[in-house]
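Derivation of every value follows stated rules applied to the coordinates shown; laboratory data play no part. The shown structure was predicted, so the numbers you read here are calculated from the model rather than taken from an experiment. For neighbour counting, all protein chains shown are included, and Cβ atoms are generated from backbone atoms with ideal geometry for every residue, glycine included.
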Amino acid sequence: MINLKKLTPIPAKRREEMPNSKLGITFKEWKASKPNKHKWRNIRWGVLLFFNFLFWASFAFDIGVLEGSLSGSRFLGIYLMDPFNALQEIFIGSRTGYFTMLTMNFFIGFFIILMFYFLLGGRSFCSWLCPYHFLAENAEKLHNYFVKKRKIKEHTYNIGIKYIFWVGFLLLAVLTKNLVFENINPVGIISRAIIYGPGLILLWIVVLLLFEIVYSKRFWCRYVCPIGVTYSFIGKLSPTTIKFDLSKCGHCRDCQDVCLVPHELWFVKRGEATKEIHFAGADCTRCGLCVDVCYGDALSYSIRGFDKIT
Amino acid sequence: MKKSDSEIDRRQFLKNGAFAVAAIGAVGVGVNYLKKLNEENALTLLRPPGAIHEDEFIYACIKCGLCVQICPIEAVKLAGISDGLSYGTPYIDPLAQACDFSCDAMQCVETCPTAALDFIPFKKAGEDALTEYQKANPNPGPDYNPFIVQSQSMKATTKMGIAVIDHKTCLARNGKGFKGSPREDGFKGVYRSPNPKREERKASPVNDHIFDRELCDLCVTECPIGETAIIMEEKIRGNGESIWRPMVLDGCTGCGVCVMVCPSTPNSIIIEKLEMV
């Protein structure tokens, strides 16, 4: 992103080039003419709830389709590994010599997850599967409501600190020889609570959500969660992403308002875009909220390079 | 002087970054503190079969719960937050539901993706037993079932802990017999009787078994391992009086079936982990 910004931006569009001017209506009329859609959000919530339900049902009814939890599971007999857990395990194992004990299933599961999320967009795990994301996404709406009513102030931090947390948690794991992060990991905690029944540790989730509602928007997902960071490394190169077409954009920036990681949509600001076509970067969770809200269809799901082949 | 955007960005990163480093440090100190507290606590948790040493187990286990899901009698459970750093790791409470080897093939061990429950010794034991059996019986009869041969030796390889009998409350030691069902009403634990007919290999509730013994020896007769693990031993006292008592041998796997079926109140048997003995 930093490198891209060094490119000179394309000069801002003139008034008659804006999509509404081509239709001969005002910008407000143009926006009002487009219906509110929730297509991708509904699909995404459906997928998220379905898979978490499948986790629960597999154990509760012993159907064995998706066994385990989000920290490690088996889908129709194929092992799947949480990548950050796997990384910690590999790092600790290299120090203690445990590495050689790890099973082949472990490495297969780790590799399949890496390949799968490489193809499907890296952090798409967050918005399409993570149960904490589902809670936090709705908590964010509450937070936005309070900010709008001026009940609370917004607190933001530098988004780069998540890399410090990522390195820090890995170091902690190696130094203490313990999967430190898994003890406070809301993804695993909620997943286990869904599957094996709730416990006192859910208080931690309540604390986190309350903090996100009253103090800092999406604190955990934006600034801390190393699982998301691990997925974002894969997502950086992923072909599946959000495509931005400058020629269709009216610069209303409603997409940035709904976006869960607005810094990834920096190019929608008038006069910022450096290319005609931009792709969302590593932190984008491919949630599709911007695709739903965009009035001119300037934002869409796309597979990078696919249009060149066909 | 107006600061540029990147300068503000850099300052914010340093400021927030310092906070992040401090937070990581705080978590580290907390974990170290909990680890010390945990050292004794973790030893009270009886791990599933094949568990590696507790020091390694605590990081090898990723808390996915696959072992919980595969267990046919729901003996394996996940520890709660009261167990500190062991939160989310599997354990067996033999008093509520012991491991009776109902799955026959160490499925919790085989399913573990990180080898926190290590299958290699079991696999080796099974293969060794098979070659030995084939050497001894070059022409096995129609009853020959290699699976049972393997499964027997895999069971014997298990070393979850060892049974320790409290002789003060033991019924046999005090010369008492036992009649009726072993556990209190409403007890839900199940186990597979060690001498079943071929068709009755499924686990059945403990309280469905009605015993009538002149001298209580349930821990010995119901042991899934048999006479290499626990026997009734006669002891002659100084005054010439002979008493019988259950005696735990080296073959004990610590599965805890004896704990579950022990009819005395309070319970006379506990399983101690090997790290503790």
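Quick look at the values:
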{"item": "Helix-only CD estimate at 222 nm, as mean residue ellipticity for chain B, using -39500 (n - 2.57) per DSSP H run (n ≥ 4)", "result": "-10500 deg cm²/dmol"}
{"item": "Rounded if a/c under 1.5, otherwise prolate or oblate - the range A:45-233, Cα gyration tensor axes", "result": "oblate"}
{"item": "For the range B:109-129 and the range A:246-308, distance of Cα centres in Å", "result": "51 Å"}
{"item": "Rounded if a/c under 1.5, otherwise prolate or oblate - the range A:1-88, Cα gyration tensor axes", "result": "oblate"}
{"item": "Lys, Arg +1 and Asp, Glu -1 on Cβ, resulting dipole of chain A about Cα centre, debye, nearest 20", "result": "1180 debye"}
{"item": "Over 22 Å [Cα-Cα, the range B:161-272], rounded percent", "result": "31 percent"}
{"item": "Of B:163, B:96, B:229, the one that fluctuates the most in a GNM where chain B has Cα springs shorter than 10 Å", "result": "B:96"}
{"item": "Peptide A:57-68, shielding by other chains (average Cβ, 10 Å cutoff)", "result": "2"}
{"item": "Cα gyration tensor shape of chain B, rounded if a/c is under 1.5, else prolate or oblate by comparing a/b with b/c", "result": "prolate"}
{"item": "Residue mean of other protein chain beta carbons inside 10 Å, B:74-80", "result": "2"}
{"item": "Top of A:226, A:11, A:262 by mean-square fluctuation, Gaussian network on chain A, Cα under 10 Å", "result": "A:11"}
{"item": "Between 0 and 90°, nearest 10: helix B:120-136 axis offset from chain B longest Cα axis", "result": "30 degrees"}
{"item": "Under-5 Å amide H pairs with residue B:165, H placed in peptide plane, nonlocal only", "result": "none"}
{"item": "Too-long pairs where the Cα-Cα distance tops 27 Å, listed order kept, from B:77/B:273; A:22/A:148; A:34/A:151; B:124/B:273; B:36/B:77; B:135/B:202", "result": "A:22/A:148; A:34/A:151; B:135/B:202"}
{"item": "Of B:103, B:67, B:258, the one that fluctuates the most in a GNM where chain B has Cα springs shorter than 10 Å", "result": "B:103"}
{"item": "Average beta-carbon neighbours from other chains, 10 Å sphere, peptide B:25-37", "result": "3"}
{"item": "Signed unit charges on C-beta, dipole axis of the protein assembly as shown, positive-most listed residue B:249, B:268, B:38", "result": "B:38"}
{"item": "The range A:227-283: trypsin sites (Lys or Arg not before Pro) in DSSP coil with no more than 16 other Cβ atoms inside 10 Å", "result": "A:236, A:253, A:269, A:270, A:275"}
{"item": "Violating pairs (Cα-Cα greater than 24 angstrom) within the set B:168/B:188; A:39/A:162; A:243/A:269", "result": "B:168/B:188; A:39/A:162"}
{"item": "Dimensions in Å of the protein assembly as shown - Rg and Dmax from alpha carbons", "result": "30.3, 115"}
{"item": "Euclidean distance of C-alpha centroids, the range B:33-92 and the range A:160-239, integer Å", "result": "21 Å"}
